[in-house]
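Right, one structure below, let's go through it.
Every number in this text was worked out from the coordinates using simple rules, so none of it is lab data. The structure presented is a predicted model; accordingly, all values stated were derived computationally and were not measured. We place every Cβ from the backbone using ideal geometry, glycine too, and count neighbours over all the protein chains shown.
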Amino acid sequence: MRKFVKKLIGLALMATMVMGAMTGCSSNAASNSGTAGSNTSSTANVQVGIVLPTKDEPRWLQDQKQFETILGDAGFTNQVLFSQGSSATEKTNVETLISKGIDVLIICAQDGAAASAAVEEAKAAGVKVIAYDRLVTGTDAVDYYVTFDSFAVGAAQGQYLIDNAPAGSGIPLYLYAGAATDNNAFIFFEGAWSVLQPKIADGTLVVANSSEAINLKDQAELTREQIGTIIGQITTDWDFNVAKSKAEANLTSASASAKGDVLVLAPNDGTARSIADVFASDKDITSYVITGQDSEKASVQYIIDGKQSMTVFKDTRTLAADSVAMAMNILEGKEPATDTTYNNDKIDVPAKQTSIVVVTKDNVKQALIDSGYYNSSEFTGIK
């Protein structure tokens, strides 16, 4: 722990007053990732640095607000930088934060493997590293991991499709996944496959857009390499436009037997909306059941309107709060609470998991409005 932090802890009352003053004169700091949020002046020491993948998705902007609010209210200086889809920018962001004297780095990796070099620089500088939502792989420079149960997310998506499938057999199933560079994409798919595979093996479901998945339909447990071959065919790269193009190509080449009433495994809300729009516009698609995750505002409205079937609610308030609690414990010389471990191909990383909730039209008000996550005025047609 740096001498600065020890002095801060020893003079807690004075530090709180100083941090409050810093918060009051906050400014936006510029980096090569674009404008970055901050609640510290440009010359102040930054205690907690946060690096997020992009500011082009609502999810990460919500997280930025959570981090800045919680850390700021607790009196800790912090700065959020965005990598904008670039591992090189991500590394530069980490180096920028190190130069500002951070004691804790919270990082949601753009590419879990590529981020290893950045976190190793942080560790070499004496910084504690918390992987946020996405695990940084292939390095021992990760101290902690805060995440939702990614396997449970995928399993919930797969189970929803099974529970809401039309009667009969031979039901077309379209599979889509996140980016091959994101470790979570593998875990999401693994969770979904764990419940979908028996129904694929017995012919209840027929995969319509992945020859690799068809070849492996009798295998209940897949290796990472096997999952990778499937994801190679169905990846959306977490990109709305890629998802749209892939869905259009799939339906253009699909036979009549692969249309009608269909099921769609979409990895997250952004891709789900793009894919849903494509399926809704195809006159030969009678109905579709489609998954999602993140409970983005636009997808909540889609669910209310019947355009998207479900989303997995991952309360980022809790996830951000868990990360902040870890950071504060580290700054105070305490051992953060964990409840499991995740292997990152190098070490078993101590982790804290946050629970998930499946949200549909039936419980959207209870899960997202009554809980205070959103305001009812942000939507139309909610009951």
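Brief remarks follow.
- Rounded tilt (10° steps) of 12-24 against the dominant C-alpha axis of the chain: 60
- Net charge of Cβ neighbours under 15 Å - reference A113; Lys, Arg +1; Asp, Glu -1: -3
- Interchain or long-range residues, amide H under 5 Å from V349's placed H: Y342, N343, N344
- Between segment 107-130 and segment 314-364, the alpha-carbon center distance in angstrom: 17
- Aspartates and glutamates whose Cα lies under 20 Å from that of K383, excluding same-chain neighbours fewer than 8 positions away: E296, D305, D362, D370
- Within straight-line cross-link reach of K334, aspartates and glutamates at Cα separation under 12 Å, skipping those fewer than 8 residues along the same chain: none
- The chain: angle of helix 183-201 to the longest principal axis, Cα-based, in degrees nearest 10: 20
- The chain: angle of helix 150-163 to the longest principal axis, Cα-based, in degrees nearest 10: 30
- A helix-only calculation puts the chain at -13000 deg cm²/dmol for mean residue ellipticity at 222 nm, using -39500 (n - 2.57) for each DSSP H run of at least four residues, averaged over all residues.
- Loop-resident sites, segment 284-346, for trypsin sites (Lys or Arg not before Pro), counting at most 14 other Cβ within 10 Å (DSSP): K334, K346
- Between the amide H of D182 and any residue lying 5 or more places away or on another chain, no distance stays under 5 Å, with hydrogens modeled in the peptide plane.
- Bridgeable lysines around K314 (alpha carbons under 20 Å apart, same-chain partners fewer than 8 residues away excluded): K55, K65, K297, K352, K361, K365.
- 5 angstrom amide H check on I285, placed H, neighbours 5+ away: G260
- Stretching the chain fully between S211 and N241 yields a gain of 8.5 nm (0.36 nm per residue, less the alpha carbon separation).
- Using the Cβ-Cβ distance between A249 and T229 with R0 set to 22 Å, the FRET efficiency from 1/(1 + (r/R0)^6) comes to roughly 0.75.
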